[in-house]
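These notes concern the structure reproduced below.
Every number here is computed from the coordinates shown, using simple stated rules; none is lab data. Keep in mind it's a predicted model, so treat the numbers as computed, not measured. Methodologically, a virtual Cβ is constructed for each residue, glycine included, from the backbone with ideal geometry; neighbour enumeration extends over all protein chains shown.
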Amino acid sequence: MDPSSLDRAHREVRLRLQSVSAQQWALPTPCAGWSVRDLVQHMAVGATMSRQILSGEKWTREAVVEEVSSAPDLRAEWEWRTAEERAGFAAFGALDRAVTHPMMGDIPSSQFLGMRVGDALLHAWDLARAIGANDQLAPELVLQVWTGMSPMAGFIGKSGFFGSGPSGEIGEDAPLQNRLLDLSGRRP
């Protein structure tokens, strides 16, 4: 996976984010307990976490959450924070080293990139579902994220990051997007 995958995953979010109306910010999302606003704030905070981790800074969650939650224009906030994240992954040598993730410990930057692409892509679907937009994701990104996540199928539900994990009800013949969504604890 290369940084262009993150660009494409962010485009998937942007396609849905640009059509969020003023009334839709409070709608619930497939992420339990999160509104559209909460989801977009989470993505903006995650982008800054990435930038800080990639640059070797100390992750300052509380300060970033406060900045994002008080932003007057959440779309613009998401745009500039994700632009910084993309620049961090695209920087010379960024994928050739390890980073220290707050929950995963030391991991290769390339693995971290895969995690961030998956996060953006899955949340693009969450956002689409919440606002009633087209929820079909870019097939090449679905395949990339599936390839990274499917080896973890046996314990993904125990991680606490993906709800209850796979339901066991989606067959191998189901569309890959449905299989990925189910694997990640979503029920398409």
Stretchable slack from His101 to Lys58, in nm (0.36 nm times residue separation minus alpha-carbon distance): 14.5 nm
What residues qualify as long-range amide H neighbours of Ala98, i.e. H under 5 Å apart, gap of 5 or more or another chain, H built at 1.01 Å from N? Ser109
Considering all alpha-carbon pairs of the chain, what whole percent are spaced by more than 26 angstrom? 29 percent
Helix-only [θ]222 nm of the chain, DSSP H runs n ≥ 4, -39500 (n - 2.57) each, per residue, nearest 500: -17500 deg cm²/dmol
Candidates Ser21, Ser109, Ser150; GNM for the chain (alpha-carbon contacts under 10 Å) flags as most fluctuating Ser21
Can you tell me, using C-alpha contacts under 8 Å and at least 6 residues apart, the relative contact order of region 3-136 as a whole percent? 37 percent
Among the chymotrypsin sites (Phe, Trp or Tyr not before Pro) within region 28-129, which fall in a DSSP loop and have no more than 13 other Cβ atoms within 10 Å of their own Cβ? Phe92
Mind checking the dipole of the chain: about its Cα centre, +1 per Lys or Arg Cβ, -1 per Asp or Glu Cβ, Debye to the nearest 20? 120 debye
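Among Val142, Val117, which comes first, second and so on when ranked by fewest other beta-carbon atoms within 10 Å? It would help to have the intermediate numbers written out before the result.
Values: Val142 22, Val117 26.
Placing the least packed residue first, the sequence is Val142, Val117.
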